[in-house]
Amino acid sequence: MNLPLILNLGVALAACFALYRMQAAHVSFTRRVFAGMALGVLLGAALQALYGAASPTVAATSAYLDIVGTGYVRLLQMIIMPLIMVSIVGAIVKLRDASSLGSISVLTIGTLIVTTVIAALIGIGMAKLFGLSAVGLTSSAAELARAEYLQGKLPDAQAISLPGMILSFIPANPFLDMTGARKTSTIAVVLFSIFVGVSATGIAARQPDLFGSFKHFIKVAHAIVMRMVTLVLRLTPFGVFALMTKVVSESSITDILKLINFVGASYSALALMFCVHLAIVAATGLNVRRYVKKIFPVLAFSFTSRSSAAAIPMSVQTQTGRLGTPEGIANFAASFGATIGQNGCAGIYPAMLAVMIAPTVGVDPFTAAFIVPLLAIITIGSVGVAGVGGGATFAALIVLSAMNLPVALAGLLISIEPLIDMGRTALNVSGSITAGTVASRLLGQTDMAVFDRTAETELDSEQLAA
């Protein structure tokens, strides 16, 4: 271990100690997450300025920081399936009436799909406004390699069908899905949990003693799992710090500047779509400013981690503990939102890419003959992305192949993919929270006493479920 690496890790440890002191001083959770992000940006920028993005010292420092950053993400992934199971089963057992599940599902999935279509329209509009086009762009060796990889994945994307996707949601082996072995494991566990909950309510009248024992077991399991969630979420500022340091230190400024037009168009579209989410929330009668303050920590984590699935526990905690959304709805929204109707990955990105690539084959992307089928394919594809890996990449492959556009050109964006993906993931999570909020408000189940708590009186994450 060389001296620069030791110094870098020393600075990182000092930053972590500062975050720990903030926690000991009971500084609000939101402020600590923001502080972690800011410290990560500063340290990452300093590392890049001192050593360069491709430096072995930066790579070695990132490897050690990965213990904190990636380790935190894996802890969150560890509790996803137990959280989904106990929360959904517990919610159904409390309901004793499964009829409201249909309304929750329709409102949640419907909101996700509708907002994805809106996101696609915004992506098309921003592509037009910024004049995006792949005509004349040259490819580097890395981009050519990426193009070759995408071309190899094309048969997988073309083989996807809507009936096959729906079938993949049904768990043939729920225990396998609890390990997250399939890309649709999250939804499969949701469906299995619904079956368990509905089956339990079915014996309530005939065997009340057994039902009472099962209900008590779920209550105990729920308390234990929520305590696990609380313990893991205490680490959020540290995880955000480590992840942000790694992203900033390893980003290539030259590559970003080369495609700055696409970066600007993408983030303009993401920002506008986030405003659409806020407009929808405002239409339900909630205070938008308070709403943004409450969801900021989970958006900051999803931005730095680039993982919608890993954000599920934090999203559920935010919806239930800060927004007043019932646990059942929160789990439905977070689980479905991580795989269906992703506004950023399945809406904005493939739409912008299609508009950008169309002129290379002599197609005008701003005609109704192009836009209408594009929106239809994006809508169907936003469900299909759940069945395969690669998120936005497969969403783009599905759309480009269905529109008969050259998929290899998508490889041109490999150098800025991580930067764009951060914003896309944050928007995906924002969309799922919006869907949960809409469903909760329309069904009249939002606990306004929880939502109206101010920052001064609101329980911090480690006090929730204590």
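Listing for the model above:
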{"read-out": "Criterion (open to solvent by 50 Å² or more (accessible area, probe 1.4 Å) and out of contact with any strand residue (DSSP E or B) (no Cβ under 7 Å at 6 or more places or on another chain)) met by exactly one of ALA53, ALA49, ALA15, ALA91", "value": "ALA49"}
{"read-out": "Qualifying position, being over 26 Å from the mean Cα position of the chain (by Cα), of a type in the set (Val, Ile, Thr), assigned to a helix (DSSP H, G or I) and over 18 Å from VAL248 (Cα atoms), among VAL93, VAL117, VAL11", "value": "VAL93"}
{"read-out": "Residue check, LYS215 surrounded by 17 or more Cβ atoms within 10 Å (Cβ to Cβ), part of a helix (DSSP H, G or I) and touching a residue at least 12 places away in the same chain (Cβ under 8 Å)", "value": "yes"}
{"read-out": "Residue count for the stretch 168-197, restricted to those that are of a type outside the set (S, T, N, Q), assigned to a loop (DSSP other than H, G, I, E, B) and open to solvent by 80 Å² or more (accessible area, probe 1.4 Å)", "value": "3"}
{"read-out": "Out of GLY341, GLY328, sole residue that is closer than 19 Å to ILE104 by Cα, modelled with pLDDT under 90 and in a loop (DSSP other than H, G, I, E, B)", "value": "GLY341"}
{"read-out": "Residue list for the stretch 198-212, restricted to those being open to solvent by 50 Å² or more (accessible area, probe 1.4 Å) and in a helix (DSSP H, G or I)", "value": "VAL198, SER199, PRO208, ASP209, LEU210"}
{"read-out": "Residue count, the stretch 338-370 (criterion: surrounded by fewer than 24 Cβ atoms within 10 Å (Cβ to Cβ), closer than 30 Å to LYS183 by Cβ and aromatic (Phe, Trp, Tyr))", "value": "1"}
{"read-out": "Yes/no for LEU233 being in contact (Cβ under 8 Å) with a residue 12 or more places away in the chain and open to solvent by less than 20 Å² (accessible area, probe 1.4 Å)", "value": "yes"}
{"read-out": "Qualifying position, being over 28 Å from ALA91 (Cα atoms), without any contact (Cβ under 8 Å) to a residue 60 or more places away in the chain and out of contact with any Leu (no Cβ under 6 Å at 6 or more places or on another chain), among VAL292, VAL372", "value": "VAL372"}
{"read-out": "Breaking point among (1) assigned to a helix (DSSP H, G or I); (2) within 15 Å of ASN428 (Cβ to Cβ), for PRO313", "value": "(2)"}
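This table checks each residue for (1) within 30 Å of THR320 (Cα to Cα); (2) at pLDDT 90 or above.
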position: SER213; (1), (2): yes, yes
position: VAL229; (1), (2): yes, no
position: LEU235; (1), (2): yes, yes
position: GLY239; (1), (2): yes, yes
position: ILE253; (1), (2): no, no
position: ALA265; (1), (2): no, yes
position: ILE280; (1), (2): yes, yes
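The values are calculated or read from the model by the stated rules, or taken from the named source; none is laboratory data. Small disclaimer: the values here were computed from a predicted structure and weren't measured. No Cβ is skipped: glycine too gets one built from the backbone with ideal geometry, and neighbour counts run over all protein chains shown. Heads up: the accessible areas ignore ligands, DNA and RNA and are worked out on the full protein's heavy atoms, side chains in. Shrake-Rupley method; radii C 1.70, N 1.55, O 1.52, S 1.80 Å.
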